[in-house]
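Down below is the structure, laid out as structure tokens.
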Amino acid sequence: MSDRVLNSAQAYINKYFEGRSISVLEAGGGSLQHIQIPKNSHITVVDISKEQIHKNDYADEKILADIQECNFPNKYDLIVLYDVIEHLEFPERALTNLMDAVRTGGLILIAAPNLFSLKGLVTRFTPHWFHVWFYRRILGNEKAGKPGLGPFKTYLLLSSTPYAIERFGKRRNFSVPFSEKRYTVFVDSIKDKSIILYFMYMSLAIILQVLSLGSMHPKKTEFILILKRDQ
């Protein structure tokens, strides 16, 4: 995520909770490395991976479970899904469970790749072994794909796009006080790794932009939303 977008989302959360201690549910271990929460907040982490749960050293409570199947208590002020929803086979089932878990006036932050980008389309329509190969050989992460480590299997369904999530939330009495549907993370990362790969990607992305009549920006590959439960 670009610093500007992340800083804007962080500023909204800081102002909304005004530094008070809150109850936080982190869906998928690792989300809170991106978002700062008020000190002395109670953190619950839920993850389907035993490895992720075992190595977590900051949670007050740990739940080994699938968020698509788990019924949570209605007690959380903030729920964070960062790079999680694209890995779900049934995103709306997970969203229903998490929306039921957030208190009235509480927030859900969701950040993920945008399907409607070159990165999103390639990710959606290539096999998992290719993702592992790319992380290892192109991005230089030799441990990629090992137990508890990404890249994880990706579905990136239409129901996990920002537009679909917004519509789903509004039907369940959630407003959308913060929305950035198109920003850059991936393109900057590959530019740092390989200038040749960067120019190859940008060339294909520009072609896609032309074919899509400008609806797919070459560099804008991710989104971030904050949903607020109004009642």
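Only one entry of Phe134, Phe125, Phe90 meets the criterion of being free of Cβ contacts under 8 Å to residues at least 40 places away in the same chain, under 22 Å from Ile53 (Cα atoms), of a type in the set (Phe, Trp, Tyr) and out of contact with any strand residue (DSSP E or B) (no Cβ under 6 Å at 6 or more places or on another chain), and that entry is Phe90.
Set side by side, the residues Glu89, Glu18 differ, and just one is closer than 28 Å to Pro218 by Cα, among the charged types (D, E, K, R) and modelled with pLDDT of 90 or more, which is Glu89. Per the conditions (1) over 13 Å from the mean Cα position of the chain (by Cα); (2) over 23 Å from Arg20 (Cβ atoms); (3) crowded, with 23+ Cβ neighbours inside 10 Å, the sole criterion not satisfied by Gly106 is (2). Within the stretch 3-15, not a single residue is among the hydroxyl-bearing types (Ser, Thr, Tyr) and in a strand (DSSP E or B).
Taking the stated definitions as given, is Ala94 of a type in the set (A, V, I, L, M, F, W, C) and touching an Asp or Glu at 6+ places or on another chain (Cβ under 6 Å)? No.
For Thr44, the conditions (1) out of contact with any helix residue (DSSP H, G or I) (no Cβ under 6 Å at 6 or more places or on another chain); (2) surrounded by fewer than 17 Cβ atoms within 10 Å (Cβ to Cβ) are fulfilled apart from (2). Applying the criterion of at least 3 residues that are at pLDDT 85 or above and under 25 Å from Leu6 (Cα atoms) to the helices (runs of 4 or more DSSP H) found wholly in the stretch 152-213 leaves 162-171. Scanning the stretch 95-119 for residues being modelled with pLDDT of 90 or more, in a helix (DSSP H, G or I) and either in contact with a Pro (Cβ under 8 Å, 6 or more places away or on another chain) or among the polar types (S, T, N, Q) (or both) gives a total of 3. Filtering Ser23, Ser31 for residues that are within 17 Å of Ala112 (Cβ to Cβ), among the hydroxyl-bearing types (Ser, Thr, Tyr), touching an Asp or Glu at 6+ places or on another chain (Cβ under 9 Å) and crowded, with 18+ Cβ neighbours inside 10 Å leaves a single hit, Ser31.
Per-residue answers, yes or no, for (1) closer than 21 Å to Lys228 by Cα; (2) modelled with pLDDT under 90; (3) part of a helix (DSSP H, G or I); (4) among the β-branched types (Val, Ile, Thr):
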| position | (1), (2), (3), (4) |
| --- | --- |
| Gln68 | yes, no, no, no |
| Leu78 | yes, no, no, no |
| Thr126 | no, no, no, yes |
| Trp133 | no, no, yes, no |
| Lys143 | no, no, no, no |
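Checked against the criterion of being aromatic (Phe, Trp, Tyr), in contact with a helix residue (DSSP H, G or I) (Cβ under 8 Å, 6 or more places away or on another chain) and either within 15 Å of Ser159 (Cα to Cα) or without any contact (Cβ under 8 Å) to a residue 60 or more places away in the chain (or both), the stretch 69-79 contains one or more residues that satisfy it. Among the residues of the stretch 39-66, just one is in a loop (DSSP other than H, G, I, E, B), hydroxyl-bearing (Ser, Thr, Tyr) and in contact with a Lys or Arg (Cβ under 9 Å, 6 or more places away or on another chain), namely Ser41.
The rows are residues; the columns are (1) β-branched (Val, Ile, Thr); (2) surrounded by 18 or more Cβ atoms within 10 Å (Cβ to Cβ).
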| site | (1), (2) |
| --- | --- |
| Arg167 | no, no |
| Arg172 | no, no |
| Glu180 | no, yes |
| Ser189 | no, no |
| Lys193 | no, no |
| Ile196 | yes, no |
| Met200 | no, no |
| Ser212 | no, no |
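Among the residues making up the stretch 102-128, those that are more than 12 Å from Thr161 (Cβ to Cβ) and charged (D, E, K, R) are Arg103, Lys119.
The values are calculated or read from the model by the stated rules, or taken from the named source; none is laboratory data. Please read all numbers here as calculations on a predicted model, not as lab measurements. Glycine also receives a Cβ, built like all others from the backbone with ideal geometry; neighbour counts cover every protein chain displayed.
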